[in-house]
1. Using C-alpha positions alone, give me the convex hull volume of the protein assembly as shown per residue in cubic angstrom.
2. Sequence gap of 8 or more, or different chains, plus Cα separation below 27 Å: how many lysine pairs satisfy both in chain B?
3. Does chain B come out rounded, prolate or oblate, given a ≥ b ≥ c as the square roots of the eigenvalues of its C-alpha gyration tensor, rounded meaning a/c under 1.5 and, failing that, prolate meaning a/b above b/c?
4. DSSP loop (so not H, G, I, E, B), at most 11 other Cβ within 10 Å: list which trypsin sites (Lys or Arg not before Pro) in the range A:79-166 pass both filters.
5. List the distances, in nm to one decimal, from the label point of residue A:187 to the label points of the same position in every other copy, shortest first, placing each label point 7 Å from Cα along the Cα-to-Cβ direction.
6. Suppose the chain between residue A:23 and residue A:100 were pulled fully straight at 0.36 nm per residue; how much longer would it get relative to their current alpha carbon spacing?
7. What distance in nm separates the simple spin-label points at residue A:187 and residue B:217, each placed 7 Å from Cα in the Cβ direction?
8. Which FRET efficiency, nearest 0.05, do residue A:263 and residue A:196 yield, Cβ-Cβ r, R0 25 Å?
Number of protein chains: 2
Amino acid sequence: MQSDVSSDWYNSGAIIPIKVIRATAEMSRYAADLQSHGRRLGLVPTMGYLHKGHLSLMNLLDGQCDVKAASIFVNPIQFGPSEDLSRYPRDEARDLELLEAAGCEVVYSPPPDEVYPPGFQTYVEVEELQRPLCGSFRPGHFRGVATVVLKLFNVTGCSVAAFGQKDFQQAMVIRRMVADLNVPVKLIFGPTIRESDGLAMSSRNVYLSPEERASALTISRSLFASREACSAGDKNARKLAAEIEKALQSDSRIRIEYVDIVDSETLTAIEKIARPARAAIAVYVGKTRLIDNIELL
Amino acid sequence: MQSDVSSDWYNSGAIIPIKVIRATAEMSRYAADLQSHGRRLGLVPTMGYLHKGHLSLMNLLDGQCDVKAASIFVNPIQFGPSEDLSRYPRDEARDLELLEAAGCEVVYSPPPDEVYPPGFQTYVEVEELQRPLCGSFRPGHFRGVATVVLKLFNVTGCSVAAFGQKDFQQAMVIRRMVADLNVPVKLIFGPTIRESDGLAMSSRNVYLSPEERASALTISRSLFASREACSAGDKNARKLAAEIEKALQSDSRIRIEYVDIVDSETLTAIEKIARPARAAIAVYVGKTRLIDNIELL
């Protein structure tokens, strides 16, 4: 498929035969055209600065659709006023190369005003699942996520979309939204992809200094230890959470936002691990907020 | 098309070759099947107890789609706790006959738990347009409307949908939602259909006693008078509203909820009529709440 000559990076000299669409109306037309030919689009929504986690999701679309697509959009409405919207890492040229290598044919990469034009005022709220965990520290975050994801589904006309489980609460919020609003999109959730030493891949890892990068390993290590303790018979959620907290507190570079052990369906805190449960962590390592989670049962 | 033998009314003995679907999963399958054959569905969403207003919307779908459909669903989440949900008038057998005569092929008429199963928690908010007029007297009403309409669009996979302008704020809320969430549905707004004496058609008119029915005429008469005054050069919104109020107050059976003259786009109150404006009324006639509106400019 020919590249869209109106895209900025094209002028850099690179010739990448991936279609980049920046205008929402053009993306909608492309989607309608695909659908009228009975071709299914699969979408990996991203905020760009891609890593192997994103690319693994692109692979999960294989066999699920006729055209693999991604979106690159740093969604302003899911960031709080004191968060890292303005410094969120970006490298679209590299993203497009990675996506093309992963078999992606189309990328929807709009500027903010193509997504939120003047007068925009409609939001989607997943009222209960948006509240705990990250929701209680990032008010409005999941409202912003649910809203943009529904918009991306509608604009791209995707029939299948893939999300990572590193953002576990996000995955649950989207799953609930799709069910509640009867959105005709099949969801695929991919496992958290980790560096060889265990650190969950995240675009925000680029913020970490070498010392912070070393400290951040405590996050995954404490989760792995918790899963092992649970497998070995320790089903007391409070005790398991306390052990994770103790490990994290032993590192002065880490400041805990939350350590919670929750029911995997409702995301509400549990006392005893008797049904599917998840240990979830949010911490600051220096000024960088990182999250991770693991399935305990 | 063959009737669905699982529908209740079928057993009444009437043989109506209109397809009635009660299960959401079945409606979704039907929609997906239509789409896979490149056939477009047109939808008139209703709460049943149909009148000529609804049927005029069905006619507006002519030439806009391949299959004309309606939904009949008295949406509980758009009613407040003290409103008329439990006594809202219903007559599905008659509705189905009227729809069939109007060329409707499919009716989605689900029970409440097919629309809001246990665990439902996702709502759509059109934050600014949902606030004024009826919104300030019916908190949560337009949230309920926006949510159910989006669900109906998704379940039926409609490519076009028609709504009446009697519910002007509802029409504006839905138009905004569709634009903001990039919903791939074309909207058609039909004019308010009136009885020969001017009363706007409404399923709730059945609540009126003969005396109340006579009093209710003051609503449309005061709106017509306001439009005439505006045409004749009176552009002072406060004065026009005061004249409507005076007419309504002259009838002891009428209690005013609001009389507002608003910008047709933003629904905010205006002082001077210099661009598209609407006079909108909500009153109680006895215990029956009625609304009406008219284009002034």
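1. Value for the protein assembly as shown: 185 Å³ per residue.
2. Final tally of qualifying lysine pairs is 25.
3. Note, shape of chain B comes out prolate.
4. Working: sites: A:87, A:90, A:94, A:143, A:151, A:166; in loops: A:87, A:90, A:166.
Passing sites in the range A:79-166 are A:87.
5. Taking the point 7 Å beyond Cα along Cα→Cβ, the inter-copy spacings are 2.7 nm.
6. Full extension from residue A:23 to residue A:100 adds 25.7 nm.
7. With each label placed 7 Å out from Cα toward Cβ, I get 5.6 nm.
8. Here the calculated transfer efficiency is 0.20.
The numbers here are math on the coordinates, done by the rules we state, and not lab data. Computed from a predicted structure; not experimentally measured. Counting neighbours? That spans all protein chains shown, and the Cβs are built from the backbone with ideal geometry, glycine included.
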